[in-house]
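> Here it is: the structure, laid out below.
The values are calculated or read from the model by the stated rules, or taken from the named source; none is laboratory data. Worth saying up front: this structure is predicted, and the values here are computed from it rather than measured. Cβ placement follows ideal geometry from the backbone for every residue including glycine, while neighbour counts extend to all protein chains displayed.
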Amino acid sequence: MVPPISHLPVSHPVGINRVSAGKRSSSSGPSQASQRVYRLVDQQGLPHPVLDDLYDSLDSAWAEAQAWWSHEWGVTSGPVGIGVEVSTSSGSWRTLRHPGS
């Protein structure tokens, strides 16, 4: 069983490439159709309540998810209850990594 996700703030590890949130909501699609952005989702497939941000690569999104999970639960291996989605050219989201995988 995966522990519930905490709603505590998180400090971001150095080197994480986050997309500037600026004037854009983190749950909306990219501003340019050709730009791919990534977001983290919770176990229900909704934008993660703490890590609700946009990332410029799958690696940077997943690194932040793993760092947060390890900090919250002290677990460095095994399933992580966070998923990753990528934006599509039509403005929707496609799941790349399901929570718990």
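> For the stretch 70-78, check the following and say yes or no: at least one residue is of a type in the set (V, I, T) and modelled with pLDDT of 95 or more.
No, every residue in the stretch 70-78 fails to be of a type in the set (V, I, T) and modelled with pLDDT of 95 or more.
> If a residue has to be of a type outside the set (V, I, T), part of a loop (DSSP other than H, G, I, E, B) and in contact with a strand residue (DSSP E or B) (Cβ under 6 Å, 6 or more places away or on another chain) to count, how many in the stretch 37-52 make the cut?
2
> Please go through the stretch 58-101 and give me each residue that is touching a residue at least 24 places away in the same chain (Cβ under 8 Å), surrounded by fewer than 16 Cβ atoms within 10 Å (Cβ to Cβ) and within 12 Å of the chain's Cα centre (by Cα), ordered by number.
Matches in the stretch 58-101: L58, T95, L96.
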